[in-house]
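The next block holds one structure in the form of structure tokens; read it before the comments.
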Amino acid sequence: MTNRVALIAAVVTAVVVLLGLTTLLIVRRRRRDAKDNYNQPAPTKTLTVDEMSSALATNAASYPELLQLRLDANGLQIWFEFQRSNVWRAEYNSRAVAVRRMRRGDLHFAGEILAMSRLDSPHLVGLVGATWTAPGDLAAVMEFVDGPLRDLLSDSTVAMTWAPTKVAIALDIARGLAYLHSRRPKVFLRELTSRHVLVSHDRTVVKLNVFQLLSTRERELTARMADMAWMAPEVLADDKEPTEAADVYSLGVLLTELDTRKRPLDEIKAAHAKASGIVAGTLRPALSPSCPPAIQRIVEACLNHEPRLRPSSTKAMTMLEEASKDIVEPKNAQTAPPSKSDDR
């Protein structure tokens, strides 16, 4: 009997050791593959002679300023890429970071890093620095925040109420927007969606992903996707440059998204019908019946069809701060499971 127990113990021990070694090898291989993929050239496009000259001139002008932001590449450990997005999860000197690489042919990347380096707010994803070994492999290293607000809103297993969670998220978003509009010159976003807001797992850290918002390539991609529900009527109508009023309209749409936890106007599938309804002012996102009256008033003001009648971003932030005092946390809000019939 004793020999049998000893044999079983030996087998279990061997299995545990084997599993541990296998896991270690898999982790090491994934890290090695991630590093190899990171070191591969970024996707390319054919450049004209004029574009090549412009790119060389841009890099020559920008790199002296970037020297102040340069990090020691030896301190950067690449982990994995986020869904082939050219954004990588990494560590820099044991600090969690996200790394966005420059794609070849991107004439704006260096300028976008410099623009981001001039922004400093606890409500924006911060720039840690930049790395490169040659002009073509420039990368922005940013602080890491777990994931987009859209993913959190889509997760029906996560209970969220206006007090304390949603109003805190809304306030952080509004404060980030007000900061951007306080800059000289002002920084406008064109559209602000839950994809552009990053939230920590415990929901205590909420930041605007400003690099994504300022990215020229990201704006071009958004235009192709016709993701118009967050865009102000006047921007859709004339394809005008963004303004503070247009950004405040986007904030209002984002508040409806926070309230319902659904993509705004997602029930309208025809792009033309959606665009024409937004431009005419006959179509806008609805709020839930249980939305607090104070939030309803803010949304109503932000979504005013007339741009000059919308509040400034600072005023919208102040309105949200006042609203946060009036919204009372429901009893048992933290323990109540989310309703299956209403994914708020």
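In region 128-150, how many residues are touching a Lys or Arg at 6+ places or on another chain (Cβ under 9 Å) and modelled with pLDDT of 90 or more?
Going through region 128-150, the residues touching a Lys or Arg at 6+ places or on another chain (Cβ under 9 Å) turn out to be 128-132, 136-145, 148-150.
Those left that are additionally modelled with pLDDT of 90 or more: 128-131, 139-145, 148-150.
Residues in region 128-150 being touching a Lys or Arg at 6+ places or on another chain (Cβ under 9 Å) and modelled with pLDDT of 90 or more: 14 in total.
Residues in region 71-95 that are at pLDDT 85 or above and loosely packed, with under 13 Cβ neighbours inside 10 Å: 72, 74, 93, 94, 95. When residue 134 is tested against (1) without any contact (Cβ under 8 Å) to a residue 40 or more places away in the chain; (2) hydrophobic (A, V, I, L, M, F, W, C); (3) crowded, with 20+ Cβ neighbours inside 10 Å, exactly one condition is not met: (3).
Taken across region 111-123, residues that are surrounded by fewer than 19 Cβ atoms within 10 Å (Cβ to Cβ), in the same structural domain as residue 208 (by TED's automatic domain parsing), over 17 Å from the mean Cα position of the chain (by Cα) and farther than 24 Å from residue 312 by Cα do not occur at all. With respect to the conditions (1) under 21 Å from residue 126 (Cβ atoms); (2) at pLDDT 95 or above; (3) of a type outside the set (Val, Ile, Thr), residue 257 lacks only one, and its number is (1).
With respect to the conditions (1) surrounded by 22 or more Cβ atoms within 10 Å (Cβ to Cβ); (2) out of contact with any Phe, Trp or Tyr (no Cβ under 6 Å at 6 or more places or on another chain); (3) closer than 27 Å to residue 290 by Cα, residue 189 lacks only one, and its number is (3). Out of curiosity, is residue 163 aliphatic (A, V, I, L, M) and either within 19 Å of residue 213 (Cα to Cα) or not assigned by TED's automatic domain parsing to the domain that holds residue 264 (or both)? Here the answer is no, as residue 163 does not meet what is asked. Within region 289-320, the residues that satisfy the criterion of being loosely packed, with under 13 Cβ neighbours inside 10 Å and either under 16 Å from residue 250 (Cβ atoms) or of a type outside the set (Lys, Arg) (or both) are 289, 290, 293, 300, 306, 309.
The values are calculated or read from the model by the stated rules, or taken from the named source; none is laboratory data. In this text, all values refer to a predicted model and were calculated from it rather than measured experimentally. Cβ atoms come from the backbone with ideal geometry, glycine included; neighbour counts cover every protein chain shown.
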